[in-house]
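Below you'll find the structure, written out as structure tokens, and then a few comments.
The values are calculated or read from the model by the stated rules, or taken from the named source; none is laboratory data. Worth saying up front: this structure is predicted, and the values here are computed from it rather than measured. Because the Cβ atoms are built from the backbone with ideal geometry, glycine has one as well, and the counts that use them run over all protein chains shown.
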């Protein structure tokens, strides 16, 4: 697999070093990348409409997404967008008042969408026509105990500090699960009490492969869990694999498993922000070398790095998802995003911004 979709965003050039994520990024981007040739093209360049974001200086970036049935589901901080791939024609759009600091979206087995509203410590199940069907507090409390259903949280820049900071939603059989960064675990929302302990650091993304679930923690750890046993089978400290001891790998998020040995992991360059939310490992920030935003292919058995790609060269200053591309090759230009299909609630279109390949 050499072609991947990478989701993230471009940082404002005039941004201060201490600026926070909710104001830092000026464009939400999806890049189609060939990992063999280190060439890419810009598939989507997007800015949220005013009605779907806070006033002032909002950030625009794509968080984590999912691929299912020829469609790419991806979220900004306040919206869910659905693209038909490989052409990237947009076929769906949903934005609800309970969407704040979204981190992940995936389609459910029942045909609904599961959306992680991180800013409300909540997971929301949404119907195909854009109605909120169910909400779960990831802390097991009433979802509206600390928040109000009468507030449009798309207009709220940030609700930090979060009590849980959920990141990644997934299904196991008929049950819905979500990772909780602050608690360092994954919990079952539909059968309360089921829990997978994943470590002391902030848990982020996950990936299913070969009966196992591969989770990342932000400090650069890969935690491998048996899908049936729900027990941790292996913990891999990526900072010890073929890495300069002086270098800070970055904020570890996305993971994509090729096989039992080879795993892609994505890292965002660490910035010295003013806001420190449960980040114990940030004390290591002041090392000699801070790596750029990048993705690295690890051989877990040989404990070496097989490939490393500087994503800042491809226009991405922040990275979330890496997903296997549907397109068989890098094309010269992408198709304009100009239509909405009937399956999901439509919304404002992003400008068509076809470009020649980067790199």
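For the range 122-162, name all the residues that are touching a residue at least 40 places away in the same chain (Cβ under 8 Å), surrounded by fewer than 13 Cβ atoms within 10 Å (Cβ to Cβ) and not in a loop (DSSP other than H, G, I, E, B).
none
For the range 191-205, which residues satisfy the criterion of being surrounded by fewer than 17 Cβ atoms within 10 Å (Cβ to Cβ), assigned to a loop (DSSP other than H, G, I, E, B) and in contact (Cβ under 8 Å) with a residue 24 or more places away in the chain?
Matches in the range 191-205: 192, 194, 199, 200.
Tally the residues that are over 16 Å from residue 200 (Cβ atoms) and not in a strand (DSSP E or B), restricting the search to the range 213-228.
The number of residues fulfilling the criteria is 2.
Which members of the range 163-189 meet the condition of being without any contact (Cβ under 8 Å) to a residue 40 or more places away in the chain and assigned to a loop (DSSP other than H, G, I, E, B)?
Across the range 163-189, the qualifying residues are 173, 183, 184.
Of the residues 74, 6, 44, only one is closer than 18 Å to residue 115 by Cβ, in contact (Cβ under 8 Å) with a residue 60 or more places away in the chain and buried (at least 24 other Cβ atoms within 10 Å of the Cβ); which?
On inspection, the qualifying residue turns out to be 74.
When the residues of the range 229-285 are filtered to those that are in a helix (DSSP H, G or I), modelled with pLDDT of 70 or more and over 20 Å from the mean Cα position of the chain (by Cα), which remaining residue is farthest from residue 215 (Cα to Cα)?
240
Scan the range 87-121 for residues that are under 16 Å from the mean Cα position of the chain (by Cα), assigned to a strand (DSSP E or B) and crowded, with 23+ Cβ neighbours inside 10 Å and report the count.
Going through the range 87-121 one residue at a time, the tally reaches 9.
Tell me, please, whether a residue that is at pLDDT below 80, over 16 Å from residue 219 (Cβ atoms), out of contact with any helix residue (DSSP H, G or I) (no Cβ under 6 Å at 6 or more places or on another chain) and loosely packed, with under 14 Cβ neighbours inside 10 Å can be found in the range 288-296.
yes
Considering the range 47-66 alone, what residues qualify as being assigned to a loop (DSSP other than H, G, I, E, B), out of contact with any helix residue (DSSP H, G or I) (no Cβ under 9 Å at 6 or more places or on another chain) and surrounded by fewer than 21 Cβ atoms within 10 Å (Cβ to Cβ)?
47, 49
Among the residues of the range 324-345, is any at pLDDT 95 or above, part of a strand (DSSP E or B) and at negative phi?
Among the residues of the range 324-345, at least one is at pLDDT 95 or above, part of a strand (DSSP E or B) and at negative phi, which makes the answer yes.
The rows are residues; the columns are (1) at pLDDT below 95; (2) in contact with a helix residue (DSSP H, G or I) (Cβ under 8 Å, 6 or more places away or on another chain).
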| residue | (1), (2) |
| --- | --- |
| 3 | no, no |
| 7 | no, no |
| 14 | yes, no |
| 21 | yes, no |
| 31 | no, yes |
| 37 | no, no |
